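What follows is one structure encoded as structure tokens, with my remarks underneath.
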Amino acid sequence: MQRYLVGRLVSLALSLVVASLVIFAVIEIVPGDPASYMLGLNASEDTVAALRDRLGLNEAPPLRYLHWVAGMATGDFGQSYTYKVPVADLVGQRLAVSLPLALYALLLAVLIAFPAGLLAAGRRGRVADAAVMGATQVGVALPNFWFAMLLVLVFALHWQVFPAGGFPGWGEPLAGLRALTLPAIALALPQAAILARVLRSALIETLGQDYIRTARAKGLTAGQTILRHALRNAMVPVLTIIGMQFSFLLAGAIIIENVFYLPGLGRLIFQAITQRDLIVVESVVMILVFAVIVVTFLVDLAYAAIDPRLRTRA
Amino acid sequence: MSLLAVRDLSVTIHETPILGEVAFDLQEGGIFGLVGESGSGKSITALALMGLLPEGAEAEGTAEFLGRNLLTLPEDALTRLRGAEIGMIFQEPMTALNPMKTIGDQVAETLLIHRAARRARGSGRPASR
Amino acid sequence: MRLSFALGLALSLAALAAAAVSLVWTPHDVATLAIADRLRPPDAAHWLGTDHFGRDIASMLMAGARTSIAVALVAVGIGMGAGVPLGLLAAARSGSLTDEVVMRGNDLIFAFPSLVIAILITAVFGPSAVNAIIAIGIFNIPVFARVTRGGALSLWTLDFIRAAEVAGKGRVRISAEHILPNILNLLVVQGTIQFSLGILAEAGLSYVGLGAQPPTPSWGRMLAEAQTMVTLAPHVAIFPGLAIVLTVLGLNLLGDGLRDRLDPRLRGRA
């Protein structure tokens, strides 16, 4: 188990380093001179020089990179050029919306997908299976932001069960959750469709194995067999998908915030792009990629928890 | 009185007959050997008795065991018999056992399942012998 | 021909036809604004109604199909063009450093969802359809690399490949002459899937303004513009969304159908 863990940790660290290099290269090297890019064509020489100085752009790139990484390690993500406040603060506020949204959506997706996938696999070839397959076929084709608009039409404007947009803050947790519910559902449904299909297919494959028959021969009921044998073995491909879905959910959350006017990372990043606030873009992208890489690592850990063979093999 | 009395056991898969009118008796304490060429239907016979035939297969005939016909028992009754009164050991250990669980776990599982089932049914004593 | 495959083929061809026809004709001119006619529900003159600028929605959908299809297609091209050779290379040198590097590279790109890549590119180069193509295309590369590598690996173990090696053929020639033709089916199916995903991705990017810019029509942007009017005139928001759903659905059904026909061994894995 040790070797597997260490191997995964090394992989994690390596990915982070390479990802940070890529981000740094694109943001700080490719535009040529980030300072003049940020200030635009009409800026005077002096202003550009002053900004270049302030951002430490006169240092050699390798040094700048190291400073950046060292800063991030201590929680210093620089200062937003447009808002003149520490990026860490900005991101922290927005993460308080985006992260719970992504997690809420993930939870809903799993809660919807598992029963559906189990049902379809268990009743393979029959009506229930066809129904699930038909529904998921439509589900994976839905753009989540369009689905969100439809949800708003029906559940916020027609039947006023949920707010149509905005976020009241976490002061009142229930109100906050209510505001995130429609967005989470819109995000969750297409992902649940994908997950249900993967689960169904993994279960069908597993249920065809000989050890399932052995389990029945020992006197396990169909339900016990699925829970104690089929599900666990089917989880490996399912976990892979859940891991990938987290990254799509984060990206989806960013897009869906637009529909609901949520004060999350999405708005921050899109404004930063229009305002050419490269510092904010750089930090937010790094954080997003960091989140995805960490989730991949967690999924690798989960594999080891599920499949004991991985722990001894490394 | 035989422990197991099989008469006219026939199996079809998707209406194609693959086993016809098998009959034999098993005595308590006895050892019975069913011998045949590859594909003659030995495994299918055993699976039919366990109620574990593959999808699309149907069994006809009678298999009297403890006063009941195994071939017409409902699933929950069969579940109680399997692993407790009737055991089956498969010939290919590499595929017959779950590769992600230990052998010990899977052997113990039989005892655990049946003990828990008996408790759930409210009878404190082990069934028969 | 199975029903779902036929349906998928019909929907996909409809989208392609709409895009192709729009190059020479649309019911109304897409660029003319007719404020007097704004937000009309569907009628005889405007089959799907008009938007807030009085533009004919049906025409805009047809023109938008062009953008979606072009972006998704080129993105698949990029993915295949770079991903397939990489996958073949990794499989040919399985277990070596090259293989390891390719796999690690794949994982790295997977850490950047295409939205994030698009954000990086547009932050530096500004938003455009081309940048959307690049962003989606880059994310396609590891997908095709992985599928190619997987398919190639299982072929390398087969005897007829070994025979070619023994006969003295180099690994590159084997990859090109024997491996590649045998994984074409896999690539066609995956290509269809990535094509449909590309359409969804393009819609998402356009919706947030990172894709095709005005005046290039785009389904995603139509939805963004329709957002504020969803209560006044729902049809402006419903039709572009339906266009996306039907096209993606059609392509998915087509892909599934192709998979069933081209590789019966995969059938039942759905």
* Find the all-direction average of the projected area of the Cα convex hull for the range A:128-249, expressing the result in square nanometres with one decimal place. => 10.0
* Roughly how many Å² of C:Phe239 are accessible to a 1.4 Å probe, to the nearest 10? -> 50
* With point charges of +1 on the Cβ of Lys and Arg and -1 on the Cβ of Asp and Glu, referenced to the Cα centre of chain C, which listed residue (C:Ala132, C:Val74, C:Ile238) lies farthest in the positive direction of the dipole? -> C:Val74
* Please report, in debye to the nearest 20, how large the charge dipole of chain A is about its Cα centre when each Lys and Arg carries +1 at its beta carbon and each Asp and Glu carries -1 there. => 1820
* Asked: Averaged per residue, what accessible surface does the protein assembly as shown expose to a 1.4 Å probe, in Å²?
  -> 47
* Asked: What is the Cα convex hull volume of the range B:22-71 when expressed per residue in Å³?
  -> 89
* To do: Considering only protein heavy atoms, with the full assembly of protein chains and a 1.4 angstrom probe, order B:Val11, A:Val17 by accessible area, largest first.
  => A:Val17, B:Val11
* Hand me the trypsin sites (Lys or Arg not before Pro) from the range A:83-124 located in a DSSP loop with no more than 13 other Cβ atoms within 10 Å, in residue order please. => A:Lys84
* To do: Run through the DSSP bridge list for the protein assembly as shown and note the antiparallel percent, rounded to the nearest 5.
  => 95
* Structure fact -> The C/A contact buries a total accessible area, at probe radius 1.4 Å and rounded to the nearest 100 Å², of 3800
* Asked: Any idea what the relative contact order of chain A is, in percent, if you count C-alpha pairs under 8 Å spaced at least 6 apart?
  -> 28
* Using θ = phi - 60° and the Karplus form 6.51 cos²θ - 1.76 cosθ + 1.60, what ³J(HN,Hα) does each residue of the range B:18-26 get, whole Hz, x for Gly and Pro? -> 10, 8, x, 6, 7, 9, 6, 10, 10
* To do: Please check chain B for the longest run free of GluC sites (Glu not before Pro) that are loop-located per DSSP (anything but H, G, I, E, B) and have at most 10 other Cβ atoms within 10 Å.
  => B:56-129
* Debye intensity ratio in log₁₀ form over the Cα atoms of the range C:1-71, taken at each q of 0.13, 0.14 Å⁻¹ -> -0.44, -0.49
* Across peptide A:270-276, how many C-beta atoms of other chains are within 10 Å of each residue C-beta, on average? -> 4
* Ratio of the protein assembly as shown's C-alpha Rg to 2.2 N^0.38 Å, to two decimals? -> 1.13
* Can you give the accessible area of C:Leu13 in Å² (nearest 10), computed on protein heavy atoms with a 1.4 Å probe? -> 100
* Rel. contact order, % - alpha carbon contacts under 8 angstrom, at least six apart, the range A:46-99 -> 16
* Cα pair distances of chain C binned at 10 Å [whole percent] -> 7, 25, 28, 21, 11, 5, 2, 0
* Asked: Kirkwood Rh over Cα pairs of the range A:1-138 into Stokes-Einstein at 37 °C, 0.692 mPa s: D in µm²/s?
  -> 165
* To do: Pick out which of B:Gln27, B:Gln106, B:Gln91 has the largest mean-square fluctuation in a Gaussian network model of chain B, springs linking Cα atoms closer than 10 Å.
  => B:Gln91
* Under 5 Å between amide H atoms, partner at least 5 residues away or on a different chain: which partners does B:Leu19 have, H built in plane at 1.01 Å? -> B:Val11
* To do: For the range C:10-139, give the percent of accessible area contributed by carbon and sulfur heavy atoms, probe 1.4 Å, rounded to a whole number.
  => 73
* Structure fact -> Sorted list, accessible surface of protein heavy atoms, 1.4 Å probe, largest first, for B:Leu97, C:Leu251 is B:Leu97, C:Leu251
* Asked: Can you give the convex hull volume of the alpha carbon atoms of chain B per residue, in Å³?
  -> 143
* Could you go through the range A:113-124 in sequence order and give the Karplus-derived ³J(HN,Hα) for each residue, using 6.51 cos²θ - 1.76 cosθ + 1.60 with θ = phi - 60°, rounded to whole Hz, and x for Gly and Pro? => 5, 5, x, 5, x, 4, 4, 5, 5, x, 10, 4
* Nearest 20 debye, what's the magnitude of the dipole of the range A:188-285 about its Cα centre given +1 on Lys and Arg Cβ and -1 on Asp and Glu Cβ? -> 580
* Kindly express, to the nearest 10 degrees and within the range 0 to 90, the angle between helix C:3-22's C-alpha long axis and the longest C-alpha principal axis of chain C. => 60
* Give me the angle, in degrees from 0 to 90, between the Cα long axis of helix C:57-92 and the longest principal axis of the Cα atoms of chain C, rounded to the nearest 10. => 10
* So what is the relative contact order for chain B, in percent, with contacts set as C-alpha pairs under 8 Å and at least six apart? -> 22
* Structure fact -> Among residues of the range A:211-227, a drop of 40 Å² or more in 1.4 Å probe accessible area, assembly relative to the chain on its own, occurs for A:Tyr211, A:Arg213, A:Thr214, A:Arg216, A:Ala217, A:Lys218, A:Gly219
* What ³J(HN,Hα) values, in whole Hz, does the Karplus curve 6.51 cos²θ - 1.76 cosθ + 1.60 give for the range A:132-141 when θ = phi - 60°, with x put for Gly and Pro? -> 4, 4, x, 4, 5, 4, 6, x, 6, 8
* Structure fact -> To the nearest 20 debye, the range A:1-151 has a Cα-centred charge dipole, built from +1 on Lys and Arg Cβ and -1 on Asp and Glu Cβ, of 940
* Asked: What figure in square angstrom, to the nearest 10, would you give for the accessible area of B:Phe32 with a 1.4 Å probe?
  -> 90
* Structure fact -> Order by accessible surface, 1.4 Å probe, largest leading, for residues C:Glu100, C:Glu225 comes to C:Glu100, C:Glu225
* Candidates A:Gly252, A:Gly40, A:Gly169: whichever shows maximal mean-square fluctuation once chain A is modelled as a Gaussian network with Cα springs under 10 Å -> A:Gly40
* Between exposed trypsin sites (Lys or Arg not before Pro) in chain C, where DSSP calls loop and at most 13 other Cβ atoms lie within 10 Å, what's the longest gap? -> C:3-266
* **Loop-located chymotrypsin sites (Phe, Trp or Tyr not before Pro) in the range C:13-114, at most 10 other Cβ atoms within 10 Å (DSSP)** => C:Trp25
* Structure fact -> For the range A:122-164 the residues that are at least 40 Å² less accessible with all protein chains than alone, 1.4 Å probe, are A:Gln137, A:Ala141, A:Pro143, A:Phe145, A:Trp146, A:Met149, A:Leu153
* Given the options C:Phe112, C:Phe125, C:Phe195, state which has the largest fluctuation in a GNM of chain C using a 10 Å cut-off (strictly under) for Cα springs. => C:Phe125
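The values are calculated or read from the model by the stated rules, or taken from the named source; none is laboratory data. Please read all numbers here as calculations on a predicted model, not as lab measurements. We place every Cβ from the backbone using ideal geometry, glycine too, and count neighbours over all the protein chains shown. For the accessible areas, the whole protein counts, side chains as well, though only heavy atoms, and no ligand, DNA or RNA atoms are used. Shrake-Rupley method; radii C 1.70, N 1.55, O 1.52, S 1.80 Å.
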